[in-house]
Structure formats: C-alpha cells, structure tokens
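Below is one structure, written out as structure tokens; the observations come after it.
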Amino acid sequence: MQKTGDINGRVADAPSGNWVYRILPPALWPYAQLARWDRPIGWELLMWPCFWSATLAANAALATGKASPGFLLIYHLFLYFIGAVAMRGAGCTYNDLVDHEIDMEVARTRSRPLPSGRVTRWQAKVFIALQALVGLLVLLQFNWFSVVLGVLSLAIVALYPFAKRFTDWPQFFLGLAFSWGALMGWAGLFGSLSFAPIVLYGAAILWTIGYDTIYAHQDKEDDELIGVRSTARLFGDKTRLWLVGLYGATLVLMLLSFALAGAGWLSYVGLIVAGGMFAYQIAVLDINDAQQCMILFRSNGKVGLIIFAGLFLSFLFLVP
C-alpha cells in the first residue's frame, strides 16, 4: 500500500515525542493517531464540560441540603475521563473516514493514517466499533435517563463531519457535540435536567466555537482552495471582535448557571481567572500565525481545568 506524507510513522500536526511513540509498538501507532491519543487536548476539551456539570451538580446537591455526593462524584469523574478518551477517539476516527479525501488535500492532515495509507478504511471501522463499545460500557454505569441522553448525542456526532460542507458554522455543530457533557454530568447525579445545566451547555457551545475558530485559522488557505467552510473563513479579520462576543457570552452564561445551581464562591474565582485567560487569547491572537493559533487553541485545556478547579474547590468548602 502506498504511503504518502508519512513522517517516520508520525503525523505532521502532533508532537513526535509523545508517550505513544515511547511506549506503544510501531504497529499500533496509526490507531493511536486515529484516536488522537498523541494529542490529548481533544479529549480534554470533551471532558471538561462533563467535569464542570458533574461538579456543579454536586454543588447544587449540597446547596439544597442533600447528603454529600463526594465519593460518587469522584467515581463519576473517573467514568467521564474514560468515556471522553474513548468517544473522542471514536469520533476522530469517524471524522477521518468521512474526511479521507479532504485530508489528502490539506498539508497539515495528509500525513494522518488514512490519507497516508497506513490504515485501511475497514480497519478504521473496526477500531471505531471497539472504542464505541468502551464508551457504551461507561454509559451503562449511569442511570437510564443519562443512558438515553448519551445515545441522543450520537445524532449530532454523526452530523458534525458533514457540517463544513453545507454551512459556514461547522464550529457550532462541533459545539453541540463537544458540549453534551454539560448535560450528562448533571443528569448522571440527579437523573434529570434543570435550567442550570442547560445554560451551562449553551456556555460550553460558545466556548467551543471560540477555540475551534482559532484552530481553524491554521487551515483557512487550504480550506478555501478545496471549498471547506468554517467560522475562521467567515469571521476573517474580524475574528478578534467575534471572540470578544463569544468568550464574553460564555462567561455570562456560566455565571448564570453557577448562580442557579447555588455554587460556592470559589467557582466564581475560577471564572475570573478563566476570563483573564480569554482576554489574553484575544489580545495576542495573530490569525496568520498557524503555530500561535495552535498554542492558543491548546491553552483552552487549561481554561477548562481552571473552571473545574473553582467548582471542585467550592464543593469541598461547601461540604459540611
């Protein structure tokens, strides 16, 4: 089988010193690359809304006088971590199958396993099934409301790879999919939804549109040549102004969600720090510097961590 763009078994847009290449045998590298195990930022960004929602629900449980869900919260966080890694991997593999031909035309992606020929389409489909099975096993540990809610997300996941073909807002569809955990975390504890997690879901969607617009600026020239649409191309030189609105609305909706849930005061400290990190991204952004766009995009993993830390610490201080 012909291999194109293969960089010693690695891919162009991932760090070559990742643990994948130190621990796994070379035969497994293409599968790790399909699942993006060599790029943890993806599953981190999928995981954080789950963590926010679960910890916000724990804050709400204490605020309403219920017993502390401490051990249950830790168990749920572990499950969301495993689920995020598995489903991020399955989603990326599916996305690569759909975008196989497009990836061959983009400099940053043509070294990936499918366009480079290191994995066949049939092998990729089997790998999707295995990862989805892990995700299903994780989902079945929760209540039935959460199981149904999790299954409903698959429709959005299936639609997302095609969004760039029919709308300038594929980042919105990514937000719908990547932010679903903002509903799942709450549902996992309460077996239902309320206004607080729904508002948090909206905030996470706006956050996703913001950071993925920065990410998409890396490929805008190639995207224009092959007709792929994105908010990066739509916003253009006005990206910084759009980010002010997107990130600003994210913080406002998070503030409202935390207030509705009765979250502790430390959760708001986390929001203030996250707001400063958003402001830094906007201030220094150079949409024509692909390397900087990648660095700023990845910094959102720390944003997610800071928001979670604020919620978790506020929960600890609320525990009687």
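Please tell me the relative contact order of the chain in percent, rounded to the nearest whole number, where contacts are Cα pairs under 8 Å and at least six residues apart.
Numbers: 488 pairs, mean separation 71.0, N = 320.
In percent, rounded to a whole number, it is 22.
What angle do you read, to the nearest 10 degrees and between 0 and 90, between the alpha-carbon axis of helix 121-139 and the longest principal axis of the chain?
For helix 121-139, the angle is close to 10 degrees.
Each label point is 7 Å from the Cα along the Cα-to-Cβ direction; what then is the distance between the points at residue 144 and residue 238, in nm?
4.9
Which order do peptides 298-304, 213-219 fall in by mean Cβ count within 10 Å, highest first? It would help to have the intermediate numbers written out before the result.
On the way: 298-304: 19.1, 213-219: 24.0.
Most protected by this proxy first, the peptides run 213-219, 298-304.
Taking only protein heavy atoms and a 1.4 Å probe, what accessible area per residue, in Å², does segment 172-280 have with all protein chains in place?
Numbers: 4220 Å² over 109 residues.
Per residue, segment 172-280 has an accessible area of 39 Å².
Can you figure out the FRET efficiency of residue 82 with residue 279, using R₀ = 30 Å and their beta-carbon distance, to the nearest 0.05?
Working: r = 34 Å, r/R0 = 1.12.
So, using R0 = 30 Å, E works out to roughly 0.35.
Which ³J(HN,Hα) values in Hz, rounded to whole numbers, follow from the phi angles of segment 195-200 under the Karplus curve 6.51 cos²θ - 1.76 cosθ + 1.60, where θ = phi - 60° and Gly and Pro get x?
With the stated coefficients, segment 195-200 comes to 5, 4, x, 5, 5, 4 Hz.
Relative to the first principal axis of the alpha-carbon coordinates of the chain, what is the inclination of helix 41-63, with its axis defined by its Cα atoms, in degrees from 0 to 90 and to the nearest 10?
With rounding to tens, the tilt is 10 degrees.
Let me know the charge dipole size of the chain about its Cα centre in debye, to the nearest 20, where only the beta-carbon of Lys, Arg (+1) and Asp, Glu (-1) is charged. Don't jump to the answer; show the numbers that get you there.
On the way: 22 positive and 19 negative charges, 111 e Å.
That gives a dipole near 540 debye.
Please enumerate, by chain and number, the lysines with C-alpha under 29 Å from the C-alpha of residue 238, excluding those fewer than 8 residues away in the same chain.
Within the straight-line limit of under 29 Å, residue 238 reaches these lysines: 164, 220, 302.
Angle, helix 181-190 long axis vs. longest principal axis of the chain, Cα atoms, 0 to 90°, nearest 10?
40
Stokes-Einstein diffusion coefficient for segment 232-320 at 20 °C in a medium of 1.002 mPa s, Rh from the Kirkwood formula over Cα pairs: what value in µm²/s?
Values: Rh = 14.1 Å.
Once the numbers are plugged in, D ends up at 152 µm²/s.
Taking 0.36 nm per residue of separation and subtracting the Cα-Cα distance, what length does fully extending residue 125 through residue 22 add? Don't jump to the answer; show the numbers that get you there.
Values: separation 103, 0.36 × 103 = 37.08 nm, distance 2.58 nm.
Additional length available on full extension: 34.5 nm.
As a test question: what accessible area, to the nearest 10 Å², does residue 23 have when a 1.4 Å probe is rolled over all protein chains in place?
Probe radius 1.4 Å; accessible area of residue 23 about 120 Å².
Residue 151 to residue 221: extension gain in nm, 0.36 nm per residue of separation minus the Cα-Cα distance? Let's see the in-between values first.
Working: separation 70, 0.36 × 70 = 25.20 nm, distance 3.60 nm.
Computed gain between residue 151 and residue 221 is 21.6 nm.
With a 10 Å cut-off between alpha carbons and a GNM built on the chain, which of 281, 141, 171 moves the most?
141
Dipole of the chain (Lys/Arg Cβ +1, Asp/Glu Cβ -1, origin at the Cα centre): which of 98, 232, 282 lies farthest to the positive side?
98
Return the calculated 222 nm mean residue ellipticity for the chain, to the nearest 500 deg cm²/dmol, obtained by summing -39500 (n - 2.57) across DSSP H runs with n ≥ 4 and dividing by the residue count. Intermediate values should be presented prior to the final figure.
Details: 17 runs with 239 residues, N = 320.
Result for the chain, helices only: -24000 deg cm²/dmol.
The values are calculated or read from the model by the stated rules, or taken from the named source; none is laboratory data. Predicted model, so just to flag it, every value in this text is computed and none were measured. Glycine gets a Cβ as well: all are built from the backbone with ideal geometry, and neighbour counts include every protein chain shown. These accessible areas exclude ligands, DNA and RNA; they are computed on the full protein's heavy atoms, side chains included. Shrake-Rupley method; radii C 1.70, N 1.55, O 1.52, S 1.80 Å.
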